[in-house]
Each structure stands twice: as C-alpha cells, then as structure tokens.
Amino acid sequence: MFKIYISPSRISSHQIQYNEAILITYTVSCIIYTFCCINLRGHLMVLNQEYIVARRVLELANKLVTNRNQHIRMLHVTTDQADALNFFADYPNSSISNLKDFHHIKHQSAQAITQKLSEKGLVELTENPNDRRAKLVSLTDEGHIMRMHLKENGSHTGEQILNGFSNEEKAQFLALLERSVDNLNRGNK
C-alpha cells in the first residue's frame, strides 16, 4: 500500500493538495494498468480477448499440473515416468526410440525413464526381432494397474473441469480444445 507521511507543522495546504493529487494519480494508474498494458512504444493498449483467453488457459493448465503432480507423488512415480507409462500403454510394444520421438526428449532421458519403470516392475523390455539393438517395451500387470490409477485421476480431474456442463457443452468444449491445440501445432511448424 502506498502511504505518505507528512509532518503537520511543516506543510501548507497547497502541499497537501499536491500530495493528494499524486496519490490519486498513482491509484488511477494502478487501476488502468490492471485493465490495460503498455506496449513497447509506450502507448496505452487495452488487453484483448485473445490475451485474456491465453491467461485463463494458462491458469487452467497450472491447476491441472498441480493436481496431477499431487496425485502422481502418491503413486510414487515421477511425471516423466507417468507420461512414459501412458505412452507405452497407448502404443504397446513400442521402442524407447518411439518414446523419445513422441515426447521430444533425448534418447538418454527416454532410456533412463524406461529403466526406472522396469526397476519398479511396471514395464518389461524384450528384444526387438527386427532390430537387435532396440528393445520393445510393454506394460506388466503392475503397470496396467498403475495406468488404471493414472486414468482414474485424469477422469476425476475431467469431471471437476466439466462440472455443470451439459453433454452438448462438453462436446463443444472438447472440439474447441482440439481445434486450439491444432492451431498451436500449425503455428509451431
């Protein structure tokens, strides 16, 4: 909070008016800044709807990540391990190289993640008959159980997000999300 401390014996009424004007100007500036932003040339620019949408989507993403991280910690896996487990469940008998390409990570990282999953008994590695250097990865029974827990958490979070939506609104929301992701993917190419 902005405060002005003034000794009453040393100030004139003219100075009080000046300080009140400064305080009012500061307050108005803060209010305007809340609803607007300054562009690089110093011109006032009203925040557009696209910016507000982007900020709200970011807020939603942050809440989703927080929720997910809390749940995953209880399952004693990392987010990278959970993502890899989901990948190998969705694409059975994929290679570590497939995981690397899908998640855009380094091969060493994909190997380390897969090795940890194997040590936890969640996946098993088998030799690829087409390429002896590569290993095929599949979920164990424990891995399928873990995947079920991950899906349950995702479903619970989805229910929270869609609470109060009609079936039509749910379908619209999903279609708009998919379109938004497609737009971003096209923009990144």
Report task. Would you mind stating whether Glu178 is among the acidic types (Asp, Glu), part of a helix (DSSP H, G or I), within 21 Å of the chain's Cα centre (by Cα) and outside the structural domain of His71 (by TED's automatic domain parsing)? Result -> yes
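Being farther than 14 Å from Leu75 by Cβ, surrounded by 12 or more Cβ atoms within 10 Å (Cβ to Cβ) and either touching a residue at least 60 places away in the same chain (Cβ under 8 Å) or of a type in the set (S, T, N, Q) (or both) is the filter here, so list the residues in the stretch 152-187 that pass it.
Thr157, Ile161, Gln172, Ser180
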Query raised in the report: Only one of (1) out of contact with any Gly (no Cβ under 7 Å at 6 or more places or on another chain); (2) among the aliphatic types (A, V, I, L, M); (3) free of Cβ contacts under 8 Å to residues at least 60 places away in the same chain fails for Val123. Which number is that?
Result: (1)
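Please state which one of Leu64, Leu40 is in contact with a helix residue (DSSP H, G or I) (Cβ under 8 Å, 6 or more places away or on another chain), modelled with pLDDT under 90 and over 16 Å from Arg147 (Cβ atoms). Talk me through it step by step, then tell me what you get.
Details: Leu40 fails: in contact with a helix residue (DSSP H, G or I) (Cβ under 8 Å, 6 or more places away or on another chain).
Matching residue, one of Leu64, Leu40: Leu64.
Taking the residues in the stretch 83-108 that are small (Gly, Ala, Ser) and within 23 Å of the chain's Cα centre (by Cα) as candidates, determine which candidate is surrounded by the most Cβ atoms within 10 Å (Cβ to Cβ). Working first, answer last.
We begin by selecting, within the stretch 83-108, every residue small (Gly, Ala, Ser); these are 84, 89, 94-95, 97.
Among the residues that remain, those that are also within 23 Å of the chain's Cα centre (by Cα) are: 84, 89.
Working: Ala84: 26, Ala89: 18.
Per the stated criteria, the residue is Ala84.
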Query raised in the report: Do any residues in the stretch 66-79 that are assigned to a helix (DSSP H, G or I) have Cβ atoms under 6 Å from those of residues that are surrounded by 15 or more Cβ atoms within 10 Å (Cβ to Cβ) and among the β-branched types (Val, Ile, Thr), where the two are at least six apart or on different chains, and which pairs are they?
Result: Asn67/Thr157; Thr79/Ile72
Query raised in the report: Has the stretch 110-119 got any residue that is among the β-branched types (Val, Ile, Thr) and touching a residue at least 12 places away in the same chain (Cβ under 8 Å)?
Result: yes
Query raised in the report: Name the pairs whose Cβ atoms lie under 7 Å apart, with the first residue in the stretch 131-151 and touching a residue at least 12 places away in the same chain (Cβ under 8 Å) and more than 10 Å from Asn86 (Cα to Cα), the second of a type in the set (Val, Ile, Thr) and in a helix (DSSP H, G or I), and 6 or more positions between them or separate chains?
Result: Lys135/Ile96; Val137/Ile96; Val137/Thr114
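Working only within the stretch 114-143, note down all residues that are in a strand (DSSP E or B) and hydrophobic (A, V, I, L, M, F, W, C). Quick ask: steps written out before the conclusion?
Keep residues of the stretch 114-143 that are in a strand (DSSP E or B), which gives 123-128, 131-139.
Within the stretch 114-143, Val123, Leu125, Ala134, Leu136, Val137, Leu139 qualify.
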Query raised in the report: In the stretch 103-123, how many residues are in contact with a helix residue (DSSP H, G or I) (Cβ under 6 Å, 6 or more places away or on another chain) and over 21 Å from Asp141 (Cβ atoms)?
Result: 3
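Restricting attention to the stretch 157-189, report how many residues are of a type in the set (Asp, Glu) and either at pLDDT below 90 or touching a His at 6+ places or on another chain (Cβ under 6 Å) (or both).
Here the count works out to 1.
The values are calculated or read from the model by the stated rules, or taken from the named source; none is laboratory data. Not measured: the values here are computed from a predicted model. Positions of Cβ are generated from backbone atoms using ideal geometry, with glycine treated the same way; all protein chains shown enter the neighbour counts.
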